[in-house]
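What follows is a short report on a single structure.
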Amino acid sequence: MPDSLNLTALAASLETYARDNQEHIFLKALVPGVGSGIANSPIVPISEYMTMMQATDEVVLTNLEVGDVAQPGGKNTFNPSQNAVNFKPRKGKVRQAKVDLQFTHTQIIALYKSYMGQVRAKNIDPQTLPFEEYITARVIAKFQENIRVQTLYNGVYNAAGSTPLDINDGLKTQLLAAIVAGDIPAGNVIDTAVITATNCVSETEKVLAGIPDAEFYGGLVCVCSRQYKTNYESDYRTRWGTLPYNQGQLKPNIVGTDIPFIVEPGLAGFGRPIFTPIGNLVYLYDDLSGADTLAVDYQKRTRDIAWVMDAQVGSGIAVAERVWTNDGV
């Protein structure tokens, strides 16, 4: 591979690579959970505990709520149970997201030199990872990180904004709004002390006690911050000793349950646990409407390359009544 770099040829090559690999690039960018977990850790691909749903705009996450339906028979009359079946629709929506990047001449040359250095050191095989893919992979990796760490949980929709936090309302934002609106019943928000490294076990048990038996064994997860899980582990070791078995990596579940800890980097600083069934949290993405575009443009006079991508992403809570947490104070 030559050391010199023809920017016009690079721009054309990037454009060709983007066009030929657009489906693969968007699959990686729009579904951040498929390959973004960390092996042997509580940070798992989001596809392991969320529902992955394609949507072109709004999607109704309808909850069919069925109340008591059984009654004595032998009456020879039709006696429908009153208010036994109710629809409680919740909506999820994808919002437009974009990547606008400008690679200056200086940045491109520096990136190319870094790439060539790794090629010479035999860390990269240019036949399997060409420079075009090297650049694209870095951009997509950062896009995935932005969506998972910032947008997915912490986002607050602001169409006039310019950061990952502005793309859409994240799950934490929706959770807090659902508590205020009463969509998450007051009985699901358990009164606890402020959770620390000295009380996390007992306070977590209070939340568990508020989950109905029918839900408790129904494939729940505990989505939380790393600090929450660390507090639980520290409190547990203080209570029952520091044997190797009591180390966090060997105790992925809450003691006495089959409920795993799912650590989300985006929940850093959030002191509440989120207990919910697998699949109740929804990640939305659009690869159906043609709204996803990818283009590369080269400006000869300024010798810079623009890398432009448009996509649509979103998130939602399917059934708010199937979320349990604490009051956070």
Using a 10 Å cut-off around each Cβ, can you sort 307, 240, 324 from fewest to most neighbouring Cβ atoms?
240, 307, 324
How do 7, 152 line up, fewest other C-beta atoms within 10 Å first?
7, 152
List, in order, the whole-Hz ³J(HN,Hα) value for each residue of segment 13-21 obtained from phi through the Karplus relation with A = 6.51, B = -1.76, C = 1.60 and θ = phi - 60°; use x for Gly and Pro.
5, 4, 4, 5, 4, 4, 5, 6, 10
Qualifying trypsin sites (Lys or Arg not before Pro) for segment 103-148 [loop in DSSP, other Cβ within 10 Å: at most 16]:
122
Neighbourhood net charge (11 Å Cβ-Cβ; Lys/Arg +1, Asp/Glu -1) for residue 15
-2
How high is the relative contact order of segment 256-329, in percent, counting Cα pairs under 8 Å that sit 6 or more residues apart?
39 percent
Once Lys and Arg are counted +1 and Asp and Glu -1 for all other residues with Cβ under 10 Å from that of residue 196, the total becomes -2
Whole-Hz ³J(HN,Hα) for each residue in segment 279-286, computed from phi via Karplus 6.51 cos²θ - 1.76 cosθ + 1.60 with θ = phi - 60°, x for glycine and proline: what do you get?
x, 6, 8, 10, 9, 10, 8, 10
Could you tell me whether segment 114-171 comes out rounded, prolate or oblate from its Cα gyration tensor? Rule is a ≥ b ≥ c as square roots of the eigenvalues, rounded for a/c under 1.5, then prolate if a/b exceeds b/c, otherwise oblate.
prolate
Could you put 183, 286, 213 in order, starting from the residue whose Cβ has the fewest other Cβ atoms within 10 Å?
213, 183, 286
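Values quoted throughout were computed directly from the atomic coordinates according to the rules given, and no laboratory measurement underlies them. Small disclaimer: the values here were computed from a predicted structure and weren't measured. Virtual Cβ from ideal backbone geometry, glycine too; neighbours counted across all protein chains shown.
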